[in-house]
Amino acid sequence: MKAKQLYIGIFLLLMAAGCKKSELDQQATDQLTVDNYWTNKDRALSGLAAAYSQLEGFVGWDNYVEARSVREFYREDYVLPGADAFNYPWWTEHYNFDFTSGNYAIDLLWRENYRGINFSNQVIENVGNMSAEAIEDGAKKQIIAEAKFLRAYYHFKLLNNFNQVIIRDKVPTSEADLSKGFSTRAEVYEFIINDLKEAELNLPLRKNRPATELGRITKGAAEAYLGKVYLYRAGDDKASAASYYTEAKKWLQLVVDSKEYDLDPDFGNMFNGVTKNSIESVFELQQTADASSGAVYRSYLSDWVAASELGGYGEIYGTPRLLTELLKEGKIVGGNYDPRVYASIYFNDSYFNNNADPKVYGNTYNDVFGAGKQTIAFRKWIPATPDRIGMSNAINFPLMRYADVLLMYAEVLNEQGSTDALKYITEVRHRANLPAAVAGNRQFVFDQIVHERVMEFTLEGNRFYDLRRWGMLTTAMQAAGRNFTADKAFYPTPSKEVINNPQAK
């Protein structure tokens with residue numbers, strides 16, 4: 001999608017959503033309304049672009065770079081805020097687990113996802129009402145399928161962060177529609193699953209997407225997220241976990257058996273802007289710095305992530321516990337550690353000490369690690385080569401990778417007592433030129449999966465949710481010396497929702 005189209009779509013839908021009809025209304029003939037906007041396929045696609053636009057709050061600096069980062073990174077047990085972070089209490093409240101319902105990042109999370117749900121609902125309803133003359137049936141079904149996936153994605157994002165969620169399944173037409181109570185977690189899971197299943201039926205395979213549509217939702221994405229939702233539900237409802245593992249296996253196996261995806265041979269390039277929408281990408285947040293599209297569409301995430309020693313803002317660093325986990329297998333690949341380590345973090349190691357070929361983002365080794373400094377800085381989300389105009393860039397953010405599908409599949413198989421789990425752990429390890437996974441009892445295999453998820457997904461926003469669904473959150477936070485209590489496993493309903501919605505109590 002081009003950024004120009006995306007922003008136009010947001011504007012038009014916001015304007016259309018605010019229009020109300022009555023017999024006394026007199027509308028200008030050149031004014032766009034709900035009635036005269038949804039008239040052709042291009043308009044439907046523009047509306048769909050608005051629904052995509054709310055993914056991860058990407059349209060705003062506050063939500064994507066700052067709020068998303070502190071929500072998804074600071075709550076993990078392997079990170080430390082940088083010195084500057086303590087100037088922003090609404091950031092460090094997430095690290096210290098003393099956030100309240102008035103926290104700005106929590107409010108943004110609620111608001112942006114419900115905005116995405118609203119945009120998705122507008123597409124589902126209005127495109128659904130378009131005539132055969134306005135849009136051909138195949139395009140109509142596919143656009144609605146993408147909107148249903150997005151509606152499910154936004155609800156799932158909310159369900160993973162808030163203990164109580166309101167299902168929004170239609171465009172509100174009155175103030176009364178806005179006042180709605182919470183659904184049970186089971187009801188929200190069923191709603192998400194139903195949307196994903198309906199979407200999966202009418203989504204194209206990745207191979208049938210033209211190059212101009214890379215990044216848009218595919219059948220494989222819907223199947224992968226069905227597997228993920230069922231796996232998370234197993235952690236949420238352990239009494240019924242066996243049936244959810246069965247469903248998760250079914251959907252993840254479809255992705256594996258499709259042969260549409262594979263592991264990218266160059267792990268690091270998926271996170272530094274070199275590779276976009278690789279063979280490993282199942283669903284990916286798109287960014288572009290191509291001004292020919294009418295507007296650049298990129299973030300400044302690298303400025304936020306990069307250590308101050310590397311010229312960044314220095315808002316986040318790794319902990320010694322993270323380094324210990326990453327290095328636990330020792331130097332076993334050509335005299336070096338697992339290559340995923342070097343693609344994920346900078347640390348005091350001879351690998352980076354080569355002034356003839358600087359590997360520390362254009363700095364010498366001594367710039368970062370001189371005088372015995374034990375800096376543990378993140379390398380993910382930082383451009384491959386120095387960008388002299390700050391570190392703004394157009395690095396895509398993979399939201400679902402095939403490696404995640406393989407490790408989730410291995411986890412399900414292991415929970416079901418199948419030794420086939422080793423095959424899929426080994427496939428992930430072989431990409432890093434590591435030995436095969438080792439057979440053992442269920443706990444032993446599970447421990448290997450936990451380790452591989454650290455190796456693969458460090459600073460990709462998975463760790464907190466993994467620990468919670470495994471029942472390991474309290475133990476991990478205690479080991480990290482964090483001020484965590486079980487009531488902070490989910491965010492409270494934002495105070496604005498409680499004030500404005502009488503039923504959100």
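The values are calculated or read from the model by the stated rules, or taken from the named source; none is laboratory data. Nothing here was measured: the structure is a model prediction, and the numbers come from that model. Note that each Cβ is placed from the backbone with ideal geometry, even for glycine, and that neighbours are counted across all protein chains shown.
Looking only at residues in region 263-321 that are farther than 26 Å from ALA85 by Cβ and among the hydroxyl-bearing types (Ser, Thr, Tyr), the one that is modelled with the lowest pLDDT is SER293.
For region 93-129, the tally of residues that are in contact with a Pro (Cβ under 6 Å, 6 or more places away or on another chain) and farther than 30 Å from VAL171 by Cβ stands at 1.
Yes or no: region 262-269 includes at least one residue that is crowded, with 23+ Cβ neighbours inside 10 Å and within 20 Å of the chain's Cα centre (by Cα). Please lay out each step first, then the result.
Quick first cut of region 262-269, residues crowded, with 23+ Cβ neighbours inside 10 Å only: none.
Within region 262-269, none of the residues are crowded, with 23+ Cβ neighbours inside 10 Å and within 20 Å of the chain's Cα centre (by Cα).
Looking at region 153-171, which of its residues are under 19 Å from GLY461 (Cα atoms) and either of a type in the set (D, E, K, R) or in a helix (DSSP H, G or I) (or both)?
First pass over region 153-171, keeping only residues under 19 Å from GLY461 (Cα atoms): 153-163.
TYR153, TYR154, HIS155, PHE156, LYS157, LEU158, LEU159, ASN160, ASN161, listed by residue number.
Kindly establish whether ALA436 is among the small types (Gly, Ala, Ser), surrounded by fewer than 20 Cβ atoms within 10 Å (Cβ to Cβ), touching a His at 6+ places or on another chain (Cβ under 9 Å) and closer than 24 Å to GLU280 by Cβ. Here the answer is yes, as ALA436 does meet what is asked.
One line per residue, one yes/no per condition, for (1) more than 28 Å from the chain's Cα centre (by Cα); (2) over 27 Å from ILE449 (Cβ atoms):
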position: ILE316; (1), (2): no, no
position: PRO320; (1), (2): no, no
position: VAL333; (1), (2): yes, no
position: ASN366; (1), (2): yes, yes
position: TYR402; (1), (2): no, no
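Within region 172-198, the set of residues being at pLDDT 95 or above and assigned to a loop (DSSP other than H, G, I, E, B) comprises PHE182, THR184.
With respect to (1) surrounded by fewer than 20 Cβ atoms within 10 Å (Cβ to Cβ); (2) without any contact (Cβ under 8 Å) to a residue 40 or more places away in the chain, the lone exception for SER278 is condition (1).
Within region 462-484, identify whether any single residue is of a type in the set (S, T, N, Q) and buried (at least 20 other Cβ atoms within 10 Å of the Cβ), and answer yes or no. Spell out how you get there, then give the answer.
Initial filter on region 462-484 (of a type in the set (S, T, N, Q)): 462, 474-475, 478, 483.
From what is left, the residues that are buried (at least 20 other Cβ atoms within 10 Å of the Cβ) are none.
No, every residue in region 462-484 fails to be of a type in the set (S, T, N, Q) and buried (at least 20 other Cβ atoms within 10 Å of the Cβ).
Within region 183-205, can you find the residues that are among the charged types (D, E, K, R) and touching a residue at least 24 places away in the same chain (Cβ under 8 Å)? Lay out the reasoning, then the answer.
Taking region 183-205 as the starting set, the residues that turn out to be among the charged types (D, E, K, R) are 185, 187, 190, 195, 197-198, 200.
ARG185, ASP195, LYS197, GLU198, GLU200, listed by residue number.
If we scan region 164-182, do we find a residue that is among the aromatic types (Phe, Trp, Tyr), under 26 Å from GLU72 (Cα atoms) and under 19 Å from the mean Cα position of the chain (by Cα)?
Residues of region 164-182 among the aromatic types (Phe, Trp, Tyr): 182.
Imposing the further condition that a residue be under 26 Å from GLU72 (Cα atoms) reduces the set to 182.
Now restrict to residues that are under 19 Å from the mean Cα position of the chain (by Cα): none.
No - not one qualifying residue is present in region 164-182.
Any idea how many residues of region 435-461 are in contact (Cβ under 8 Å) with a residue 40 or more places away in the chain and under 22 Å from ASN414 (Cα atoms)? Qualifying residue count for the region: 9. Kindly indicate whether any position in region 64-87 is crowded, with 22+ Cβ neighbours inside 10 Å, in contact with a Lys or Arg (Cβ under 8 Å, 6 or more places away or on another chain) and assigned to a helix (DSSP H, G or I). No, region 64-87 contains no residue that is crowded, with 22+ Cβ neighbours inside 10 Å, in contact with a Lys or Arg (Cβ under 8 Å, 6 or more places away or on another chain) and assigned to a helix (DSSP H, G or I).
Based on what the data block shows, is GLN253 in the same structural domain as VAL123 (by TED's automatic domain parsing), under 22 Å from the mean Cα position of the chain (by Cα) and touching a residue at least 60 places away in the same chain (Cβ under 8 Å)? Give the derivation first.
Values: in the same structural domain as VAL123 (by TED's automatic domain parsing): no; under 22 Å from the mean Cα position of the chain (by Cα): yes; touching a residue at least 60 places away in the same chain (Cβ under 8 Å): yes.
When the stated conditions are applied, GLN253 does not pass them.
Here GLU133 does not fit the description of being assigned to a helix (DSSP H, G or I) and surrounded by fewer than 21 Cβ atoms within 10 Å (Cβ to Cβ). Quick check on region 439-458. Is at least one of its residues farther than 30 Å from PRO265 by Cα and hydrophobic (A, V, I, L, M, F, W, C)? No - not one qualifying residue is present in region 439-458. Of the residues that make up region 206-216, is at least one surrounded by fewer than 17 Cβ atoms within 10 Å (Cβ to Cβ), in contact (Cβ under 8 Å) with a residue 40 or more places away in the chain and not polar (S, T, N, Q)? Scanning region 206-216, I find at least one residue that is surrounded by fewer than 17 Cβ atoms within 10 Å (Cβ to Cβ), in contact (Cβ under 8 Å) with a residue 40 or more places away in the chain and not polar (S, T, N, Q), so the answer is yes. The set of residues in region 154-192 being buried (at least 17 other Cβ atoms within 10 Å of the Cβ) and among the hydrophobic types (A, V, I, L, M, F, W, C) consists of PHE156, LEU158, LEU159, PHE162, VAL165, ILE166, ILE167, VAL171, PHE182, VAL188, PHE191, ILE192.
Among residues belonging to region 328-373 that are without any contact (Cβ under 8 Å) to a residue 40 or more places away in the chain and within 15 Å of ALA384 (Cα to Cα), point out the one that is surrounded by the fewest Cβ atoms within 10 Å (Cβ to Cβ). Once the filter is applied, the top-ranked residue is ASP357.
May I ask you to list the residues in region 479-505 that are of a type in the set (D, E, K, R) and under 25 Å from the mean Cα position of the chain (by Cα)? Break it down stepwise before answering.
We begin by selecting, within region 479-505, every residue of a type in the set (D, E, K, R); these are 482, 487-488, 496-497, 505.
Hits for region 479-505 are ARG482, ASP487, LYS488, LYS496, GLU497.
Scan region 376-428 for residues that are modelled with pLDDT of 90 or more and in contact with a strand residue (DSSP E or B) (Cβ under 7 Å, 6 or more places away or on another chain) and the total you get is 12.
Only one of the numbered conditions (1) in contact with a Gly (Cβ under 7 Å, 6 or more places away or on another chain); (2) crowded, with 21+ Cβ neighbours inside 10 Å; (3) of a type outside the set (Phe, Trp, Tyr) is violated by ALA394, and that is (2).
Here are TYR337, TYR300: which of them is of a type in the set (Phe, Trp, Tyr) and touching a helix residue (DSSP H, G or I) at 6+ places or on another chain (Cβ under 7 Å)?
TYR300
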